[in-house]
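As structure tokens, the structure follows; a few thoughts come after it.
The values are calculated or read from the model by the stated rules, or taken from the named source; none is laboratory data. Every value quoted in this text rests on a predicted model; they were computed, and no experiment measured them. Note: ideal-geometry Cβ built from the backbone for every residue, glycine included; neighbour counts use all protein chains shown. Remember, those area values only see protein heavy atoms, side chains included, never the ligands or the DNA or RNA. Shrake-Rupley method; radii C 1.70, N 1.55, O 1.52, S 1.80 Å.
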Amino acid sequence: MRHRVLACDFDGTLATMGVCTDETVEALQRVAATGIRLVLVTGRTWEELIDVFDPGSLFEQIVVENGAVVIDAASGHEQLLAPRVPPALVAELQRVGVTPLIVGRVLCSTAISQDAKLTAAIAKVGVDRQVVHNRDSAMVLPPGISKRTGIESALRALGETPASTVAVGDGENDVALFAVAGVSVAVANAVDALKQRADVVLTERNGKGVQSLAAALVAGDLGALTALSPLAG
């Protein structure tokens, strides 16, 4: 089997406004039934994710915090790929009134409107962190951490290779995911920067697009999607 792994972004890809439909879940179940292994790769923290979606019954590996944390679904073991978020940074972000403020194991995130406060707080505390943008969100992460680091770790845990991986996403932070995958697929609502890097651009948005991708994987015919892609040929 050429394609052995399907790596999926969550928000804007599987889910619309945080909701993943039953039809999309069922499509992924059919993919898993063929022996293709599923990996979820999201910028959300674990707590944010499970508040809206239970990934454990579908996905073997769950990459959260934009590649900073990898969770084995079967055991629940968490692997941190970078140092924990410094308490002094969290305190400074709270002091200057960054809101909303989401604090994970490694990541802090907020709205992109808070970008200046994030940059100033990092400089004041003097920590080795950077601000990463994705659509309307801003994430504070250690340098070098991205969805690429997360998917590479997840694939090692599965004993699989990037070349056998199909990745699907919608946002700027999925560019790093696409850089690793053997085949990269953008849903129709993806940002232009991601579409330009995709091997396939789907004609449908969000979960509907993933359902089409899933059907092609089950049929063993990604070529049909390529023929439909605006980037084909």
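Among the residues of region 7-24, write down those that are among the hydrophobic types (A, V, I, L, M, F, W, C) and either touching a Ser or Thr at 6+ places or on another chain (Cβ under 9 Å) or modelled with pLDDT under 95 (or both).
Answer for region 7-24, where residues must be among the hydrophobic types (A, V, I, L, M, F, W, C) and either touching a Ser or Thr at 6+ places or on another chain (Cβ under 9 Å) or modelled with pLDDT under 95 (or both): Ala7, Cys8, Phe10, Leu14, Ala15, Met17.
Every residue in region 95-139 that is within 12 Å of Val85 (Cα to Cα), open to solvent by less than 40 Å² (accessible area, probe 1.4 Å) and free of Cβ contacts under 8 Å to residues at least 40 places away in the same chain, please.
Correct list: Cys108, Ile122.
Quick test for you: out of Gly144, Gly97, pick the one residue that is within 20 Å of the chain's Cα centre (by Cα) and at pLDDT 95 or above. Can you show your working first?
Numbers: Gly97 fails: within 20 Å of the chain's Cα centre (by Cα).
Criteria check complete, one pass: Gly144.
Pairs only if they're at least six apart or on different chains, beta carbon under 8 angstrom, first in region 71-93 and free of Cβ contacts under 8 Å to residues at least 24 places away in the same chain, second aromatic (Phe, Trp, Tyr) and not in a helix (DSSP H, G or I); list them, first residue then second.
Once the first residue is free of Cβ contacts under 8 Å to residues at least 24 places away in the same chain and sits in region 71-93, its partners that are aromatic (Phe, Trp, Tyr) and not in a helix (DSSP H, G or I) give Ala73/Phe59.
Under 6 Å by Cβ, and 6 or more places apart or on different chains, what pairs join a residue from region 4-32 that is free of Cβ contacts under 8 Å to residues at least 60 places away in the same chain with one that is not in a loop (DSSP other than H, G, I, E, B)?
Ala32/Leu38
So, of the residues in region 142-180 that are among the charged types (D, E, K, R) and assigned to a loop (DSSP other than H, G, I, E, B), which turns out to be surrounded by the fewest Cβ atoms within 10 Å (Cβ to Cβ)?
Once the filter is applied, the top-ranked residue is Glu160.
Determine which single condition Glu92 fails, assuming it passes every other condition in (1) of a type in the set (D, E, K, R); (2) open to solvent by less than 30 Å² (accessible area, probe 1.4 Å); (3) closer than 26 Å to Cys20 by Cα.
All conditions pass for Glu92, except number (3).
Restricting to region 34-88, count the residues that are surrounded by 14 or more Cβ atoms within 10 Å (Cβ to Cβ), acidic (Asp, Glu) and part of a helix (DSSP H, G or I).
Number satisfying all stated conditions: 2.
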